[in-house]
Amino acid sequence: MANEGIAARRGRPRDSAVDERVLDVAWDLLLTGGYAALNVDEVAERAAVAKTTLYRRWPTKDHLALAVVTRMIPFALVPDTGDICHDLAEFAVGMAESLHQYRTTGGSDGVSPGLAGELVAAAGRHPDIGDLIRALHARRHAMALARLQRASEREGLRTDVDHGLLIDQISGPMYYRALITGAAIDRNYAERLVRAVLDGAIIAPARAGYLGTGST
C-alpha cells in the first residue's frame, strides 16, 4: 500500500524499457572503451532518452556504472550439490571469472584493477553506492554462511571452523590480486586457493576426494 501511494505521488510508473535501453548502451560503452568511455550524456543520446530522465534514475556516472555491472556481470554464489569441496571451488571459480571480467572490460590487459578499482573508488565517493555494494556482499555472505552451516552438519566440514573467516580466506586473496598485484585470477588459481583453505578444515574421508586432486 505504501508503495502504491509513492507511485501515485510520483506520477507514472517507471518505464522498464527505458532502463533496458540505457543499460544496454552503457554496457556497450564499458565493453568497448572501459570506464573512461562511459559518458552519461552520450548514453542518453544513443538510448534516445532525455538527460533529465537518465539523471533522475542514475544521478552520476558512478551510479550508472554500478547498475550496469550489477545487471551484466554474474554475482558468484555458493552452489549446493551436497559436496562442499566442489561447491566452494565453484564459488571461487565464479568469483574469479567475475573479477577477471571486471578487470578486462574495455580491452584492458587485466593487470590493472580496471572496473573493479573504479567501483571501489565510487563506493568511497558516494555513501549510497557504498551502502548498496556492502548490502550486495552481505547478502552473498549470508547465503555462503548458510551453506557452510549445512556442510558442518552433514558434509564433513569441521564444526569448530569459523565460517566467516573461511569465506574471507577465499574472497580476500581474489580481491587482493584484482586490486593490488594484478596477478592472474582464473580457475587454476581459484581451485588451488580453495584446496589450501580447506586443508585441515574438512574431516577425512570427505577431503580425500577433492583436496588431493587438481592442478598444483
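The values are calculated or read from the model by the stated rules, or taken from the named source; none is laboratory data. Here the structure is a predicted model, which means the values were calculated and not measured. Positions of Cβ are backbone-derived with ideal geometry, glycine not excepted, and every protein chain shown enters the neighbour counts.
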- Taking region 150-174 and the residues there that are among the β-branched types (Val, Ile, Thr) and without any contact (Cβ under 8 Å) to a residue 40 or more places away in the chain, the one that is farthest from Ser108 (Cα to Cα) would be Thr159
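Kindly indicate whether Asp87 is assigned by TED's automatic domain parsing to the domain that holds Ala144, buried (at least 16 other Cβ atoms within 10 Å of the Cβ) and within 21 Å of the chain's Cα centre (by Cα).
Values: assigned by TED's automatic domain parsing to the domain that holds Ala144: yes; buried (at least 16 other Cβ atoms within 10 Å of the Cβ): yes; within 21 Å of the chain's Cα centre (by Cα): yes.
Judged against the criteria, Asp87 is a match.
Being under 25 Å from Val111 (Cβ atoms) and either crowded, with 19+ Cβ neighbours inside 10 Å or in contact (Cβ under 8 Å) with a residue 12 or more places away in the chain (or both) narrows it down to one of Arg140, Arg177, so name that one.
Numbers: Arg140 fails: under 25 Å from Val111 (Cβ atoms).
Exactly one of Arg140, Arg177 is under 25 Å from Val111 (Cβ atoms) and either crowded, with 19+ Cβ neighbours inside 10 Å or in contact (Cβ under 8 Å) with a residue 12 or more places away in the chain (or both), namely Arg177.
Taking Gly94 as the residue in question, decide whether it is under 27 Å from Asp186 (Cβ atoms) and surrounded by fewer than 21 Cβ atoms within 10 Å (Cβ to Cβ).
Working: under 27 Å from Asp186 (Cβ atoms): yes; surrounded by fewer than 21 Cβ atoms within 10 Å (Cβ to Cβ): yes.
Yes.
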- Scope region 50-66; condition over 16 Å from Gln101 (Cβ atoms) and in contact (Cβ under 8 Å) with a residue 40 or more places away in the chain; matching residues: Arg57, Thr60, Asp62, His63, Leu64
- Query: Taking region 36-56 as the region of interest, how many residues are under 27 Å from the mean Cα position of the chain (by Cα) and either aromatic (Phe, Trp, Tyr) or crowded, with 17+ Cβ neighbours inside 10 Å (or both)?
  - Reply: 7
- Expected output for region 34-49 (first residue at negative phi and among the basic types (Lys, Arg), partner buried (at least 16 other Cβ atoms within 10 Å of the Cβ) and at pLDDT 95 or above, Cβ below 7 Å, 6+ apart or cross-chain) is Arg46/Val25
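Looking at region 59-72 only, could you name the residues that are under 16 Å from Leu29 (Cα atoms) and in a loop (DSSP other than H, G, I, E, B)? Explain how you work it out, then say what you get.
Residues of region 59-72 under 16 Å from Leu29 (Cα atoms): 60-72.
Correct list: Thr60 only.
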- Of Thr81, Thr105, the only residue that is farther than 19 Å from Leu132 by Cα, assigned by TED's automatic domain parsing to the domain that holds Arg147, β-branched (Val, Ile, Thr) and buried (at least 17 other Cβ atoms within 10 Å of the Cβ) is Thr105
- Message: Looking only at residues that are charged (D, E, K, R) and modelled with pLDDT of 95 or more in region 91-133, which one is nearest to Arg192 (Cα to Cα)?
- Response: Asp131
- Residue count, region 107-127, condition in contact (Cβ under 8 Å) with a residue 60 or more places away in the chain and more than 19 Å from Gly34 (Cβ to Cβ), comes to 1
